[in-house]
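The structure appears right after this line, and notes come after that.
The values are calculated or read from the model by the stated rules, or taken from the named source; none is laboratory data. Everything quoted here is computed from the prediction, not taken from an experiment. Every residue, glycine as well, gets a Cβ built from its backbone with ideal geometry; the counts of neighbours run over all protein chains shown. The protein model used for the area step is the full one, side chains on, heavy atoms only, and it has no ligands, DNA or RNA in it. Shrake-Rupley method; radii C 1.70, N 1.55, O 1.52, S 1.80 Å.
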Amino acid sequence: NTPQATATPMPNAVIVDKKDAGFTKYGFTSSSYEDTTAGRSYLDHYYFCNTEPTTEDWWGKWTPNLTYGAGDYEVQINIPSYNATTTAAKYQIYHNGTTDQVTLRQIDYYNGDWPSLGTFYFAANGSEYLRLGDMTGESDKKIGWDAARFIFKGTVATATRTNTPVNT
């Protein structure tokens, strides 16, 4: 029996799925790079491709509509249970005018896991996003794009705010 990520709502969370208007992609030109097999990903659909050692050919970008307003959001990503074997997925979090990069070993996670990329301050101005490209520095691995979750943690006074990326 394969564990499956469900669409159960989480309080104070905004989820951007691959089929939502907030997800854009480049380079995905063939349905052979999509998987809709039940139980492999959030809502049974994800994209994948081979990793690239030195050039970026494909990318995906999650742009959330942060309905809870400006504040600190924990950014989490759902990792598909197949075709996500990279040890160096480089997630870029663009927030409040700055970009942080977090490297994640997708191979260590399974569908239903939502590893955290860290907590970051978002201005909630509509221009902020999470981005993942296929350039990992590796050959012969696969990289997957699934849903992203932005969990509102509240607001912190500017003087005490720190962004906390993980796995850097």
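How high is the FRET efficiency between ASN125 and THR29 when r is their beta carbon distance and R₀ equals 41 Å, given to the nearest 0.05? Present the calculation step by step, with values, prior to reporting the outcome.
Working: r = 32 Å, r/R0 = 0.77.
Once rounded, the FRET efficiency stands at 0.85.
With a 1.4 Å probe and every protein chain left in place, work out the accessible area per residue of the range 55-168 in Å², rounded to a whole number. Numbers along the way, then the final one.
Numbers: 4780 Å² over 114 residues.
Counting only protein heavy atoms, the per-residue value for the range 55-168 is 42 Å².
Explain nothing, just the number: relative contact order of the chain, from Cα pairs under 8 Å at least 6 residues apart, as a whole percent. Intermediate results must be reported in sequence, preceding the final value.
Values: 438 pairs, mean separation 55.6, N = 168.
Here the relative contact order equals 33 percent.
If you roll a 1.4 Å probe over the chain with all protein chains in place, what percent of the accessible area is carbon or sulfur? The partial results should precede the final answer.
Working: 3590 of 7910 Å².
Within the chain, the accessible surface is 45 percent carbon and sulfur.
Tell me, rounded to the nearest percent, the portion of alpha carbon pairs in the range 47-108 spaced more than 16 Å apart. Don't skip to the answer; put the middle values down first.
Values: 1026 of 1891 pairs.
More than 16 Å apart: 54 percent of the Cα pairs in the range 47-108.
Given the C-alpha atoms of the chain, compute the convex hull and give its volume per residue in Å³.
Numbers: hull volume 18.7 nm³, N = 168.
Cα convex hull per residue, to the nearest whole number: 112 Å³.
Nearest 0.05, what FRET efficiency do ASP140 and THR98 give at R0 = 30 Å with Cβ-Cβ as r? Numbers along the way, then the final one.
Values: r = 33 Å, r/R0 = 1.12.
That gives a FRET efficiency of 0.35.
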